[in-house]
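First the structure, in the form of structure tokens, and then the observations on it.
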2 protein chains.
Amino acid sequence: MTSPAGGPTAEATPPLRVTVLSGGVGGARFARGMRRHLARSGREAALTCIVNTGDDMWLNGLRVCPDLDSVMYGLAGVHDRDRGWGRADETERVSAELLAYGVGADWFTLGDLDLGTHIARSQMLREGLGLTEVTSRLSSRWDLGATLLPATEHSVETRVRVGDGPDDTLHFEEWWVRHRAAMPALGFEQAGADAAGPGPGVLEAIAEADLLVLAPSNPIVSIGTILGIPGLREAVRSASSPVVGVSPILGDAPVLGMAAQCLTAVGAEVSAAGVAEHYGARTRDGLIDGWLVDTKDAAAVDRLAGSGIAARAVPLLMSSDELAADMAAAAQALASSLRVAG
Amino acid sequence: MTSPAGGPTAEATPPLRVTVLSGGVGGARFARGMRRHLARSGREAALTCIVNTGDDMWLNGLRVCPDLDSVMYGLAGVHDRDRGWGRADETERVSAELLAYGVGADWFTLGDLDLGTHIARSQMLREGLGLTEVTSRLSSRWDLGATLLPATEHSVETRVRVGDGPDDTLHFEEWWVRHRAAMPALGFEQAGADAAGPGPGVLEAIAEADLLVLAPSNPIVSIGTILGIPGLREAVRSASSPVVGVSPILGDAPVLGMAAQCLTAVGAEVSAAGVAEHYGARTRDGLIDGWLVDTKDAAAVDRLAGSGIAARAVPLLMSSDELAADMAAAAQALASSLRVAG
């Protein structure tokens with residue numbers, strides 16, 4: 001892959017620009033895999049993750065960005081591998097104090113190390129910095145090997161509709177974490193989306209990507225929330241790169257989280273093919289060109305061909321960085337085949 | 001001391017209202033002593049501490065109130081007895097994160113348990129509650145046996161003048177904690193005092209007190225700051241109760257903190273008698289009627305008589321609650337003698 005230093009081939013090969021649309025934990029694992037794949041390939045590359053901000057919230061006067069934190073911690077390698085979220089070696093001394101004072105939310109864990117992030121972020125935001133600059137400053141503490149871009153700097157909050165009344169909506173984290181999705185979701189709304197736009201660098205990262213991937217994140221409240229920001233969907237549709245997605249559903253169940261409840265709420269089929277068809281083919285007013293399904297869902301490949309989506313069945317395992325890197329490699333290979341074909 | 005329930009004596013004895021003007025750690029120890037003394041006496045009593053807020057500051061977007069916290073923690077019995085400040089069993093995991101992110105002040109320790117207080121307080125303040133109500137809510141977690149009143153709800157910041165230029169002032173905590181008072185103080189200023197007034201309940205607690213005591217706190221930047229809030233000095237001067245102070249200087253050194261540097265900066269003598277004369281006799285446009293000095297400073301008693309101040313020499317030790325209670329008892333006894341004499 002490498003060429004002699006200073007040789008013509010080296011000069012002729014610009015860095016590969018890879019952009020991943022990502023939710024939280026699943027997106028973080030995939031981003032780690034992509035980073036590993038790019039490192040393995042030996043090709044100089046620039047990885048950008050556009051991260052969902054729809055779950056962000058003010059909690060105890062502090063700005064919490066669950067997905068940005070999951071991706072940052074995951075890429076930094078300081079995430080808790082057992083719980084799947086938050087920091088490793090975490091404690092909750094501050095949270096216990098807040099509860100003892102009768103403040104704080106007993107349903108949302110604020111670990112002590114995690115609180116360091118929230119306090120630093122909240123201070124910078126209050127000083128007037130945008131979330132993108134704040135995220136860059138926080139991320140600079142580690143060698144992430146990737147640029148994290150908040151999908152938007154505006155407040156675009158994912159609300160879960162649980163009834164017909166005007167007030168019958170909950171913040172997504174409240175629905176998911178506090179009520180453990182016990183109330184059936186009737187739909188999802190993006191409060192504030194009308195007045196919002198993409199964050200700095202987001203449109204460029206999509207337009208200039210050599211490879212554009214939808215991570216195996218929740219297609220409704222993670223990737224869907226990103227795409228719901230005015231301008232984002234159009235940017236993905238008009239990207240010069242092939243758009244490849246990775247199924248978050250294996251068999252009939254999501255690998256992580258509550259994609260099933262979310263898909264059901266919007267009337268989508270809870271299957272690898274169903275998610276792909278929910279996104280739709282770019283050639284048919286949709287968003288994706290290619291789609292990776294797990295080997296157990298190989299039957300979806302033919303079905304999706306009929307929907308205008310080039311699917312491949314590969315092992316969709318992210319239980320190790322190497323396996324996640326294999327997934328990322330498959331996504332790039334699929335995109336390359338589409339580029340050649342196109 | 002007790003009388004038969006429902007008997008005429010019980011009905012005839014209203015609660016003794018004791019008000020203490022207090023700084024941080026020294027005031028907290030004295031307040032514990034006063035609480036112990038009142039409990040020992042068997043007399044029903046209501047203890048109020050009017051606490052200096054001049055050292056309060058925003059740090060990392062959180063409102064820190066060093067003296068209110070010292071008094072609250074001290075009365076709650078959760079203070080660190082070895083360090084003399086902060087919470088017992090403290091850790092600094094969050095602070096380490098803040099420093100790793102390149103934010104935070106490495107010169108001011110924010111312990112994890114302490115941060116719980118600051119986060120809870122800051123949230124309540126941002127919700128629009130006044131500092132007095134916030135302090136009441138925070139204090140309600142414990143059975144303090146005392147009411148804590150911030151001297152003011154306004155921002156009245158103690159600034160230390162270290163040069164002649166308009167910008168040559170530092171926040172007191174920055175001077176004291178960060179620079180360890182290495183720069184000679186030329187004077188002290190109260191930024192914001194002109195537009196400030198006493199906090200809710202403060203004037204009443206002074207006017208209605210049966211016993212009014214100046215704790216052995218820093219006479220310049222703790223008690224002096226309280227008295228510098230417009231209306232406070234006049235309230236103390238016109239209190240119906242005798243005003244008794246306890247010397248923070250034993251021999252030629254303060255028991256705690258940097259009273260010596262502060263006294264020198266304002267041209268006051270660093271001695272038990274010097275502090276009393278700095279406050280001055282109420283009969284001579286000053287603030288105090290009585291003054292407790294340590295037995296080693298017994299010579300000050302005669303000198304102060306000449307200044308119109310009734311002084312008594314007693315052991316001024318606060319190394320245990322019992323000894324601090326003895327001090328508080330001496331203050332009450334001195335006040336009683338003055339009341340009878342007056």
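Side notes on the structure shown:
- Each other residue within a Cβ distance under 15 Å of residue A:269 adds +1 if Lys or Arg and -1 if Asp or Glu, for a net charge of -2.
- Rounded to 5, percent antiparallel among DSSP beta bridges of the stretch B:17-341: 35
- Accessible-area rank, largest first, for B:318, B:34, A:183: A:183, B:318, B:34, with all protein chains present and a 1.4 angstrom probe.
- Helix screen, chain B: DSSP H segments with Cα axial length of 20 Å or more and mean Kyte-Doolittle hydropathy at least -0.5 are B:112-126, B:321-341.
- Shortest-first nm distances, residue A:16 label point to equivalent points in other copies (7 Å, Cα→Cβ): 8.2
- Solvent-accessible area, 1.4 Å probe, carbon plus sulfur percent, for the stretch A:17-341: 50
- Residues in the stretch A:128-169 occluded by at least 40 Å² - accessible area, probe radius 1.4 Å, against chain by itself: A:141
- When the Cα positions of B:60, B:124, B:108 are compared along the charge dipole of the stretch B:56-141, B:124 comes out farthest toward the positive end, with charges on each C-beta of Lys, Arg, Asp and Glu.
- Total charge dipole magnitude, chain A, about the Cα centre, Cβ charges on Lys, Arg, Asp, Glu only, Debye to nearest 20: 780
- Here the dipole of the stretch B:190-327 is about 280 debye; that uses its Cα centre as origin and unit charges on the Cβ of Lys and Arg (positive) and Asp and Glu (negative).
- Interface residues in the stretch B:55-72 - accessible area drops by 10 Å² or more relative to the isolated chain, probe 1.4 Å: B:60, B:61, B:62
- Surface accessible to a 1.4 Å probe, per residue, for the residues of the protein assembly as shown, Å²: 40
- Counting only DSSP beta bridges with both residues in the stretch B:1-154, the antiparallel share comes to about 25 percent.
- Accessible surface buried once A binds B (1.4 Å probe; total of both sides; Å²): 2500
- Cα centroid separation - the stretch B:199-228 against the stretch A:18-77, whole Å: 54
- Occluded residues from the stretch B:104-123, i.e. those whose accessible area drops by 20 Å² or more once the chain is not alone (1.4 Å probe): B:112, B:113, B:116, B:119, B:120, B:123
The values are calculated or read from the model by the stated rules, or taken from the named source; none is laboratory data. If you're wondering where the values come from, they're calculated on a predicted model, not measured in any experiment. FYI the Cβ positions are ideal-geometry reconstructions off the backbone, even for glycines, and counts take in every protein chain you see. Protein only, heavy atoms only, side chains kept; ligands, DNA and RNA dropped before computing areas. Shrake-Rupley method; radii C 1.70, N 1.55, O 1.52, S 1.80 Å.
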